[in-house]
Each structure stands twice: as structure tokens, then as C-alpha cells.
1. Output the residues belonging to the stretch 163-179 that are over 25 Å from Asp21 (Cα atoms), open to solvent by 30 Å² or more (accessible area, probe 1.4 Å) and not polar (S, T, N, Q).
2. Scan Trp187, Trp192 and give me the residue that is touching an Asp or Glu at 6+ places or on another chain (Cβ under 7 Å) and of a type in the set (Phe, Trp, Tyr).
3. For the stretch 1-107, give me every one of the helices (runs of 4 or more DSSP H) that falls completely inside it and has 1 or more residues that are touching a residue at least 24 places away in the same chain (Cβ under 8 Å) and over 23 Å from Val191 (Cα atoms).
4. Which one of these does Gly100 not meet: (1) in contact with a helix residue (DSSP H, G or I) (Cβ under 7 Å, 6 or more places away or on another chain); (2) open to solvent by 30 Å² or more (accessible area, probe 1.4 Å); (3) of a type outside the set (Lys, Arg)?
Amino acid sequence: MTLAEYDRMANAYRQGTADHDVSQNIAALLDAIEGVSPYAILDLGCGPGRDLLAFTELGHEVTGLDGAAELVALARAETDCPVLLQDFLALDLPAARFDGIFANAALFHVPSSQIERVLADLAAALKSGGVLFCSNPRGDNQEGWVGGRYGCFWDLETWRALVTGAGFVELHHYYRPPGRPRHEQPWLASVWRKTASGQPSR
């Protein structure tokens with residue numbers, strides 16, 4: 001139902017998000033990646049391709065992924081990037097392929113019963129020491145349907161436990177939009193490094 005809703009609103013979604021400034025989030029991912037660029041980036045939940053273009057313009061090798069067929073079609077039409085049509089709950093990604101994964105406003109759609117497995121899939125797709133960026137609407141661990149789409153609204157402590165349990169160490173986190181009081185910052189952004197073993201950190 002969530003994917004069907006994104007398919008239904010694909011063009012409106014593209015128009016409504018085209019001017020969203022997520023440069024802070026893009027920089028947070030890229031600044032945390034070690035090694036020499038260009039980097040291999042997976043844009044998880046790439047939507048119509050706005051951020052694919054941003055990463056490409058910065059010189060990186062970026063692959064898009066989305067579960068909504070209409071959004072994938074838009075992204076393929078508007079970028080020269082490879083764009084995978086995959087449900088987050090059935091990811092089929094190459095092992096140790098990416099330097100970074102950009103999950104901007106994406107992983108909160110994964111139900112709590114599946115999030116640990118999905119995070120483990122993402123860890124497996126990262127190179128050793130690779131970086132995962134996440135931005136999710138924060139809350140008090142509520143879960144359910146909002147406007148035709150399913151969402152989980154984690155608090156920092158719960159989200160930290162989930163991602164740490166998948167084999168990551170936290171680098172830092174912040175709240176968005178920048179420059180506002182905390183009660184006007186509904187988004188929790190966090191940056192994580194895959195541990196060398198890919199096993200939960202202690």
C-alpha cells in the first residue's frame with residue numbers, strides 16, 4: 001500500500017520535493033567516507049532522482065534504488081544513473097559494493113518487525129568501513145499508517161540500538177531543519193560506520 005501510494009502521487013511528489021535542500025545530509029555522508037573519491041554511493045529510496053543528480057554533479061558513482069515503479073521510471077528518465085526497482089523488504093544487493101549508502105527519508109517506512117534484517121542487508125552491501133546515512137522523522141516509537149503510507153517514528157535511543165545491533169558504530173547525529181528550536185526539528189539525521197567485522201559493536 002505504501003508503494004502504491006508513492007506510485008499514485010509520483011509526479012506530485014517530484015514537484016513537491018524538487019527544491020528541498022538536503023545538501024547538509026549529502027555532505028554528512030560524503031565527509032564521513034574514508035579513502036579517495038569518487039565514491040560508490042547507493043541512494044536508497046531515491047524517488048524521482050533529485051539526489052542522484054546531486055551526487056553525480058559532485059563526481060561520484062551513484063546507483064539509485066526505489067520500490068515504487070513510477071518513481072523509478074522518473075529517476076531513470078531524468079538521470080543517467082542505474083536505478084534498481086527493489087522493495088526494501090526484498091533487497092538484492094551486491095556484497096561489499098558501496099562506500100556509502102544515503103537513506104534520506106526512506107528507512108522509516110520499514111516496519112519494526114523487519115528493520116533489523118533490512119539494516120543487516122545494508123551493512124552487507126557496504127565495504128568494510130563504509131558509511132550509512134539515515135534521516136527519519138523522529139517520534140516516541142509510534143508505528144502505523146499516516147496518509148496512506150506506513151511509518152515508524154523512532155526516538156534516538158531506539159534507533160541507535162537498532163543500527164548498532166546491525167554492525168555499525170555511530171559517528172554523529174543531528175536534527176533538521178538546521179537553525180530551529182528542537183521542537184521545530186522533526187527530522188533525526190544520523191551517520192554510521194560499518195564495523196570492520198560487520199558484527200554488532202560492543
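The values are calculated or read from the model by the stated rules, or taken from the named source; none is laboratory data. Computed from a predicted structure; not experimentally measured. Cβ coordinates were reconstructed from backbone atoms using ideal geometry, including for glycine residues, and neighbour counts include every protein chain displayed. For the accessible areas, the whole protein counts, side chains as well, though only heavy atoms, and no ligand, DNA or RNA atoms are used. Shrake-Rupley method; radii C 1.70, N 1.55, O 1.52, S 1.80 Å.
1. Gly165, Val169
2. Result of the check over Trp187, Trp192: Trp192.
3. Passing ranges, in order: 2-8, 10-17, 69-78.
4. (2)
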